1. Take the residue pairs 66/288; 66/98; 211/273; 66/102; 205/273 and return only those whose Cα atoms are more than 32 Å apart.
2. Report, to the nearest whole %, how much of the accessible area of the chain belongs to carbon and sulfur atoms, 1.4 Å probe, protein only.
3. For a quick protection proxy, order the peptides 187-193, 87-93 by their average other-Cβ count within 10 Å, most packed first.
4. How high is the relative contact order of the chain, given as a whole-number percent (alpha carbon pairs under 8 Å, six or more residues apart)?
5. With every protein chain kept in place and ligands, DNA and RNA left out, what is the accessible area per residue of segment 136-243? Probe 1.4 Å, answer in Å².
6. Once the piece of chain linking residue 227 and residue 73 is laid out straight, how much longer is it, given 0.36 nm per residue of separation minus the C-alpha distance between them?
7. From the square roots a ≥ b ≥ c of the eigenvalues of the alpha-carbon gyration tensor of segment 71-209, which class results: rounded (a/c under 1.5), prolate (a/b over b/c), or oblate?
8. Of all trypsin sites (Lys or Arg not before Pro) in segment 23-77, which ones are in loop regions per DSSP and have a Cβ with at most 12 other Cβ atoms within 10 Å?
Amino acid sequence: MDYIKRFTTREGVRMSLAVTTDTVETARVRHDLWPVATAALGRAMTGAILLAGDFKNHENVSLRIKGDGPLGVVHVDAFADNTVRGYVDEPHVDVPLKRAGKLDVGAAVGHNGEVQVTRFTQLAQDYTSTSPIQSGEVAEDLAYYLYASEQVPSTISLGVLVDPDYHTVVAGGFIVQALPDATDEALAQVEKNINELGPITEYLKAHPDGKGLMERVLDGLTVNEVYNEPIQFQCRCGRDRFGAVLMTLREEDKQAILEDEVTELVCHYCNEKYHFSREELQDMFEPKGPIQ
Ligand SMILES: [Zn+2]
């Protein structure tokens, strides 16, 4: 159900659009997120997915939002294959509503701190850049990051609607960017379209599949769809990786964990638990002689 689409226009404006409801709900269930944590992590995961696929290079993006609010750091990795994973330091956070029915993501993330974005591929060197948090509401912080650090004027809209029973009703967002050859008329038109659109959560509540959203935002422009792929929450951890980490422990730490019947390791990103029995670890840690 979740997807990302990318569009170019003849007028020099480009747009990426993502519906992420199932992805955010998966994160919510895996991490037992309370509503404001769902909203913050959901916005950040959606934003990272939108940032990850440049139109030309398919890059991975690690996003860290390090605010001074009670959520702690928001951690997200979005991969070029449109899988995404993430967590917040403190999933069980409650802050007063901003107003009736409006979660205060800014207060939960914090109004001070920094946004850190690392772009990485297998081929090129990592590129990390930071910018100060503007409001903690995520969309504004990412737009400022793109402008200040990557010199790309962008409008970003991100929304997560959470039900009183905590489940994710809708989630998604879009980013609109002006290329150097964008015409003033096109930019004015898109700005007007976005203002008339209103909050993204309201739109997605009425149209959970995101249908018609691009047509509203890019109304009046000549549009070309260039990309359309599914998105899902997916981690890259596995039993073998955790086993390999255990093998790198110092001898005294290996001895210490062998005192337990079972050793449990938990992946921060997806909350998956891996269990290693003492017998299994003894076997793993046993020095293997040279092969004759
Ligand atoms: Zn994991």
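The values are calculated or read from the model by the stated rules, or taken from the named source; none is laboratory data. Fair warning: this is a prediction, and the values are worked out from it, not measured in the lab. Note: ideal-geometry Cβ built from the backbone for every residue, glycine included; neighbour counts use all protein chains shown. To get the accessible areas, we keep the full protein, side chains included, count just its heavy atoms, and leave off ligands, DNA and RNA. Shrake-Rupley method; radii C 1.70, N 1.55, O 1.52, S 1.80 Å.
1. Numbers: 66/288 44 Å; 66/98 21 Å; 211/273 38 Å; 66/102 22 Å; 205/273 34 Å.
Correct reply: 66/288; 211/273; 205/273.
2. Details: 7200 of 14640 Å².
Within the chain, the accessible surface is 49 percent carbon and sulfur.
3. On the way: 187-193: 15.6, 87-93: 18.6.
So the order, starting with the most tightly packed, is 87-93, 187-193.
4. About 23 percent, as a whole number.
5. On the way: 5640 Å² over 108 residues.
In whole numbers, segment 136-243 has 52 Å² accessible per residue.
6. Details: separation 154, 0.36 × 154 = 55.44 nm, distance 3.13 nm.
Working it through step by step, the gained length comes to 52.3 nm.
7. Working: a/c = 1.61, a/b = 1.12, b/c = 1.44.
Because a/c hits 1.5 or more and a/b fails to exceed b/c, segment 71-209 counts as oblate.
8. Details: sites: 28, 30, 43, 56, 64, 66; in loops: 56.
Sites meeting the loop and neighbour criteria: 56.
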